[in-house]
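Written out below as structure tokens is the structure these notes cover.
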Amino acid sequence: MIVPALLLAFVAPVQAAQFDSVVASASTSRGASAASASAEVHATRRRGPITIDGRLDEPDWAGAVPAAALTQRSPHEGAASTEPTDVRLLFDDDALYIGARLRDTAPDSVVALLARRDRTASADVFMVYLDPYHDRRTGVYFGINAAGTQYDGTLYNDDWNDDSWDAVWEGHAARDSAGWTAELRIPYSQLRFQRRDAYVWGINFKRTIARRSEDDYLVVQPTDAAGFVSRFADLVGIEHVAPPAHIEVMPYVTAKAEYLSHTAGDPFNDGTRASPGAGADLKVGLGSNLTLDGTVNPDFGQVEVDPAVVNLTDVETFYPERRPFFVEGSSIFNFGSDGANDFWGFNWDNPQYLYSRRIGRAPEGSLPDADYSSMPSGTHILGAAKLTGKVGSWSLGGLSALTKPEYASLSTGGVQSRSEVEPLSYYGVWRAEKEFQQGRQGLGFMGTATARSFADARLPDELDRTAFTGGVDGWITLDRGAKWVLTGWAGGSRVGGTAARIAALEESSVHYYQRPDAGYLGVDSTARSLSGFAGRLAINKQKGNWVFNSAFGMVSPGFEVNDLGFQSFADEINAHLLTGYRWTRPSALFQNARLDVATFGAWTFGGNPTGTGFFTRGTFELRNFSTWQWDAGYDRRSLNARRTRGGPLTVNPPGFYWDMTFQSDQRKPWVFGLAANGYEYAQDRQSSWSFGPTLDWRPSSRLLVSVGPTLARLQTTAQYVGTFDDASATATFGHRYLFAALDQKTLSASLRLNWIFTPSLSLELYAQPLLSSGAYRNYKELAQPRSYQFTLTGAPAPAAADSIVVQPADPGAAPIEFADPNFSLASLRGNAVLRWEYRPGSTLYLVWTQNRSDTITNGEFRVGDGLSRLFSSPGDNVFLVKVSYWWRP
């Protein structure tokens, strides 16, 4: 604890002339006091025309009522803003107008950096936050930086935001000798509010002065307290306007050309493929409260590529959703994480009820043997609809999607056939949440359903026929000052299918019912369903410098949500206790800092400890506005229920791990970052480390070059190889669990070039080269359960092609033959995206994607050889043109 102690020692202690004249007089009271939730901002009805050009030279701006002055939140919370800001609002029957004069004593120092919409850039920014429902928990935001880049998104859970929503609105910025100005027009069609004669909405403003790392707000949320939307000022003055009929249609057309690597004589792939497409998205307002989103023949072609990974674990890799229909408004389907502003988990993988990438995923049915085959890359979505909105104090959401059957094309002996690899499937999600006492309490419900209709008798044994989940979640504020919040959720699941399918599900890596020393489990070969429950209860301290967070949760062995959600494992009881302190006032070294310590534990339902230990973390923003974070932990000796992949328990030796990240001042043209981590288990002589510097260079306001190489190494003496039946292996329940020492080396890089021509026209290039090798040696088998003891086998010998054989130490045992696990992978993934928003809401995409890889089984890590194999291997190239048109009747 020497390092934390040292750190504690450091941190403990209009017409332009008319408009500008009003700003000058209004700024005299700047910074006198922070606005409160009872403050008011007045909107004035527009009389004359307003041209959205960022110049604020129309007479109506001079006659509008100025809002109160802004106050710093950082770097000096509560202090007067260093530069005066004047914000005024106008409205008419169709839209809300916001004009901001952002004065600056050094106008040539205003930072105006172009970025793609919603992409972060260290520039001067003006934001407006709105709560049209006035529920003090949800809302929307709109913003623009000094170069004209637009920002928008949604606000939820009082403290959180989501930038996936892209509204159709206008905004421009202009720079002049007094600083810069911002002018925004937000149509009511992009807002949801209940009809009134006179309206009261919540509102807040933010100004960022990049060169000073200064953030100013109309209403400041204290850095040591929760609650953002609930603190908004009241927006008054909007009268005699009606929520408009909310109808939007966005048809699209695509043209795709693929140039693919192929095998000579393949009747399904001659190396080229062309495919046109068309479809439409529809958005309809149901009254003034609900929005129905529909899509017909949706295009979900990836504009961004998923990174390549080498996964040697038994846990599925999680990839984020990027498809617009599913991303937009997805926060309403969050389950179990409302009410509090901070959630922690140690060795806890919170099940997600909705993982929308399950819809339209690659077919999961097996592929019959054939000389040649062609499998669809994804499942075609016939149609999908989503209902979201708010009725009174209820937040409501619903999602339904139907995917069509998919077939693989097969050719054997010149005879072609088809085989179903994905059945007709329905997916449904329903969400409802009600708030009480102005958000101090909440209660929610969520349910999902998956149903499949099989045409091929082979598939019912491979996929679940039905899957249902349901749950309830909520929160309650425990004290009058809203410092303590108790949150929780509980849910259940039921999966149905054939006996063979349920048995396979029980034996899958999520459940491992076949574990021979888990007496409370066991595969039921006659069961036609699998059911389970899960839940978690957490308490969080929301205010003050002292931090506290604790949680207790469990996932029963039979809980299963992977048909429409995401879950890595079951059979776990988990708890943690965390406390810490945060310094929110600047000191001699730090702008702000936080230090946390925690203890945690995890157990199976059989009472076996699978992970207990201690953890500490420090997070610091230095006075030069660079950031530094480190954490370290110690894992005590425990048991491992997963190392043998469904076999008996083994021992986890005690170990130490650490992690560190650093990033220099993001305001500079050159930004340096560093991420490093490692762990060491002495008994196992197992170690792992990775080292990844990053460098961002911005040679101009329009261009960003980013380079991020990473070098990693894993060394372990017990990497799982396979499980082999042998009745003579009585000590390990009739199976031999084969392991090996593994030395894995990986070199990868993330390379980006973003060239932003205008706020609506951009070119982005991305490439991810990856070289990874794994060398297996010293093959051994588990000697006995609940231990970390192994018996070496005989030296490996070559067998059939790409196979090796070893002889167990028991001379009477049969040799074990298995696929050669050694590998040397060379991979390159990349794309180029030209995006042009040629009119508000309407976009043209030109996309080129390339994917190439080469794998051999020598296990050697040679950078030169890997690069040579990579660039000599054939690559798949895909060219895509997509044009969408936004239309509102």
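The values are calculated or read from the model by the stated rules, or taken from the named source; none is laboratory data. Computed from a predicted structure; not experimentally measured. Every residue, glycine among them, receives a Cβ derived from its backbone with ideal geometry; neighbour counts consider all protein chains shown. Note: areas computed on protein heavy atoms with side chains; ligands, DNA, RNA excluded. Shrake-Rupley method; radii C 1.70, N 1.55, O 1.52, S 1.80 Å.
For the range 350-361, what does the Karplus curve 6.51 cos²θ - 1.76 cosθ + 1.60, with θ = phi - 60°, yield as ³J(HN,Hα) per residue in whole Hz, taken in order and with x for Gly and Pro?
Karplus values, whole Hz, x for Gly and Pro: 5, x, 9, 5, 10, 10, 5, 5, 5, 7, x, 5.
Can you give the accessible area of His134 in Å² (nearest 10), computed on protein heavy atoms with a 1.4 Å probe?
Accessible area, nearest 10 Å²: 60 Å².
Can you give me the long-range amide H partners of Gly179? Hydrogens built in the peptide plane at 1.01 Å from N, cutoff under 5 Å, separation of 5 or more residues or another chain.
HN-HN under 5 Å from Gly179: Asp104.
Around Arg786, which amide H atoms from residues at least 5 apart in sequence, or from another chain, sit under 5 Å from its own amide H, with H modelled in the peptide plane?
Amide H neighbours of Arg786, under 5 Å, 5+ apart: Leu649, Thr650.
Sorted from largest down, give the three principal axis spans of the alpha carbons of the range 338-494, whole angstrom values.
77, 37, 23
Could you work out the local net charge near Leu771, counting Lys and Arg as +1, Asp and Glu as -1, over the other residues with Cβ closer than 15 Å to its Cβ?
Counting the neighbours of Leu771, the net charge comes to +2.
What are the radius of gyration and Dmax of the range 642-689, computed over its Cα atoms and given in Å?
According to the Cα coordinates of the range 642-689, Rg and Dmax are 17.9, 55 Å.
Mind checking the alpha-carbon convex hull of the chain and giving the volume per residue in Å³?
In the chain, the Cα convex hull volume per residue is 171 Å³.
Going down the table (Lys256/Lys283; Lys206/Lys541; Lys206/Lys256; Lys390/Lys668; Lys483/Lys668), which pairs top 31 Å between alpha carbons?
Correct reply: Lys206/Lys256; Lys390/Lys668; Lys483/Lys668.
Rounded to the nearest 500, what is the 222 nm mean residue ellipticity of the chain from helices alone, with -39500 (n - 2.57) per DSSP H run of 4+ residues and division by all residues?
That comes out to -1500 deg cm²/dmol.
Taking amide H atoms as placed 1.01 Å from N in the peptide plane, list the residues 5 or more away in sequence, or in a different chain, whose amide H sits under 5 Å from that of Ala95.
Residues meeting the amide H criterion: Tyr188.
For the range 122-139, in order, what is each residue's ³J(HN,Hα) by Karplus, 6.51 cos²θ - 1.76 cosθ + 1.60 with θ = phi - 60°, in whole Hz (x at glycine and Pro)?
7, 10, 5, 9, 10, 10, 10, 10, 10, 10, x, 6, 6, 8, 6, 9, 10, x
How big is the gap, in Å, between the Cα center of the range 129-155 and the Cα center of the range 489-517?
Between the Cα centres of the range 129-155 and the range 489-517 lies a distance of 44 Å.
Accessible area per residue, 1.4 Å probe, Å², for the range 653-812: what's the number?
48 Å²
Counting only the heavy atoms of the protein chains, how much of Ser411 is accessible to a 1.4 Å probe, in Å² to the nearest 10?
My reading of the accessible area for Ser411 is about 10 Å².
What is the local net charge at Val168, summed over the other residues whose Cβ is closer than 15 Å to its Cβ (Lys, Arg +1; Asp, Glu -1)?
-4
Set the Förster radius R0 to 22 Å, insert the Cβ-Cβ distance between Ala106 and Lys668 as r into 1/(1 + (r/R0)^6), and round the FRET efficiency to 0.05.
Efficiency at R0 = 22 Å is approximately 0.80.
Once phi is turned into ³J(HN,Hα) by the Karplus curve 6.51 cos²θ - 1.76 cosθ + 1.60 with θ = phi - 60°, what whole-Hz value does each residue of the range 250-255 show in order, with x for glycine and proline?
Once rounded to whole Hz, the list reads 10, x, 8, 9, 9, 9.
Whole angstrom only: what separates the Cα centroid of the range 193-267 from the Cα centroid of the range 357-382?
So the two Cα centres are separated by 36 Å.
Just the number: Rg to Rh for the range 731-837, Cα atoms, Kirkwood Rh, two decimals.
That ratio is 1.31, to two decimals.
Find the all-direction average of the projected area of the Cα convex hull for the range 185-260, expressing the result in square nanometres with one decimal place.
The Cα convex hull of the range 185-260, projected and averaged over all directions, gives 11.4 nm².
Can you grab the distance from the C-alpha centre of the range 560-593 to the C-alpha centre of the range 623-650, Å, no decimals?
The range 560-593 and the range 623-650 have Cα centres separated by 14 Å.
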